[in-house]
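See below for the structure under consideration.
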Amino acid sequence: AWTKISGAGAVTFGSQTALNTTASASSDDSYVLRLTVTDNAGNVGYDELTFDRDTVAPVVSVGGNQLSNSTISLTPSASDAFSGIASYAWTQTSGSPVITFGSPAAKDTSVTASVDGSAVIRLTVTDRAGNSSHDELTFTRNTSVPVVNVGADHTTNGNLSLLTSVTSANPIASYAWTKTSGSGLVNFGSPSAMDSTVSASADDSYVIRLTVTDSAGNVGYDELTYLKDTVAPVVSVGSNRLSSTTISVIPTVSDASSGVASYSWTKTSGTPAITFSNSAAKDTDVTASADGSAVIRLTVTDVAGNSAYDEFTYTRNTSVPVVDLGIDRASNSTISLTPTVTASNAIATYAWTQVSGSGTIT
């Protein structure tokens, strides 16, 4: 005789009074079933077994889709409320790269793709009652590094604005601005943004790097040289000039760091109009339109934007000296000459010469 000893549902035996039978339960539960056997002498024996009826499949979650440039590790969640998990099976259901599982029959596994591309990965979980369920994710392998362009090198006497371009096949995960060389401290306005400002604590040449990491773990970077220069050029145009004609000016100019970018000759004051043969060159000729004085300035600007200047006064004077030797002389001996000279400028030289006469004048 087959009987149910315990369990919530109703149990139906196919042949309740036969040695062998079938048993079915009306609801999921753990049932104790007994077979009682009585012989012709009235002796009774029995045995029992537990019949777990379980029609509920396991609950499986493999998580979201994965994007990586290398092997990934999967640690899914799997549970079974009643009979317990019997097996795990990882498989590739679609996709072009060949997928290799580190442990295809374990709950947790590593997943490696043979080439870049996408594949659908499935974990099938089967419980002891034979119920199974699965969950899937798409694993995309992409090894393309971001292309980063931080632009040309910069020279400045102040802060620098960095406007970059980044091209990536995958979403960007992070940006990181760093200094790779240079003596001073460098401060970035937004060290973890694509665009930033940069300032340095001291004049020097700095190499600045932007490192970009995409969501697959690929890393790309680009660098530029940032030359900070706050020292102005040194300029000397020499002393004041006095001339009756055009003058040539050859100044001395030096810049210790970034180098000279431009020269500019200008007249800052004075009555005569001034013409420069090349107002944007270091050396130039200066011509005044009329007699008079003018202040001439040379402004020198370096590549970093620092500027300095020097000036001199150029006086044009075309008035000739007035010389009076006095009256003609007749003498039988040496004569003394005491001329008078009137000049608007300082006298540079005197020179006595014999213009005519047969003898030699000493």
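The values are calculated or read from the model by the stated rules, or taken from the named source; none is laboratory data. Remember, predicted model here, so these are calculated numbers, not experimental data. When we count neighbours, we look across all protein chains shown, and the Cβ atoms used for this are built from the backbone with ideal geometry, even at glycine.
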Exercise for review: Select from region 254-270 the residues that are farther than 24 Å from Ala304 by Cβ and either at pLDDT below 95 or surrounded by 14 or more Cβ atoms within 10 Å (Cβ to Cβ) (or both) and list them in ascending order.
Suggested key: Lys267, Gly270
Check your understanding: Which of the following residues is surrounded by 13 or more Cβ atoms within 10 Å (Cβ to Cβ), within 37 Å of the chain's Cα centre (by Cα) and modelled with pLDDT of 95 or more: Asp127, Asp116?
Key -> Asp116
**Study point:** Conditions (1) surrounded by fewer than 14 Cβ atoms within 10 Å (Cβ to Cβ); (2) under 60 Å from the mean Cα position of the chain (by Cα): number failed by Val300
**Key:** (1)
Revision key, fill the gap. Selection over region 6-45 where residues are closer than 30 Å to Ala81 by Cβ and either in the same structural domain as Phe82 (by TED's automatic domain parsing) or in a loop (DSSP other than H, G, I, E, B) (or both) yields a count of 10
Practice item. Restricting attention to strands (runs of 3 or more DSSP E) lying wholly within region 156-196, give those where 2 or more residues are closer than 29 Å to Pro233 by Cα and not basic (Lys, Arg). Key: 160-162, 172-181, 186-188
Exercise for review: Consider only pairs whose beta carbons are under 6 Å apart and that are at least six residues apart or on different chains; among these, list those whose first residue lies in region 299-328 and is farther than 30 Å from Asn157 by Cα and whose second residue is surrounded by fewer than 16 Cβ atoms within 10 Å (Cβ to Cβ) and at pLDDT 95 or above.
Suggested key: Thr313/Asn240; Thr313/Val295; Thr315/Leu242; Arg316/Asp291; Asn317/Asp291; Thr318/Ser244; Thr318/Asp291
Practice item. Please specify each residue of region 25-51 satisfying the condition of being among the hydroxyl-bearing types (Ser, Thr, Tyr) and within 14 Å of Ile5 (Cα to Cα). Key: Ser30, Tyr31, Thr36, Tyr46, Thr50
Review point. Which residues, taken from region 197-230, are among the small types (Gly, Ala, Ser), assigned to a loop (DSSP other than H, G, I, E, B) and buried (at least 19 other Cβ atoms within 10 Å of the Cβ)?
Key: Ala216
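Listed here are the residues, each with its yes/no results for (1) touching a residue at least 12 places away in the same chain (Cβ under 8 Å); (2) loosely packed, with under 11 Cβ neighbours inside 10 Å; (3) not acidic (Asp, Glu).
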{"position": "Gly14", "(1), (2), (3)": "no, no, yes"}
{"position": "Ala23", "(1), (2), (3)": "yes, no, yes"}
{"position": "Asp29", "(1), (2), (3)": "yes, no, no"}
{"position": "Leu33", "(1), (2), (3)": "yes, no, yes"}
{"position": "Tyr46", "(1), (2), (3)": "yes, no, yes"}
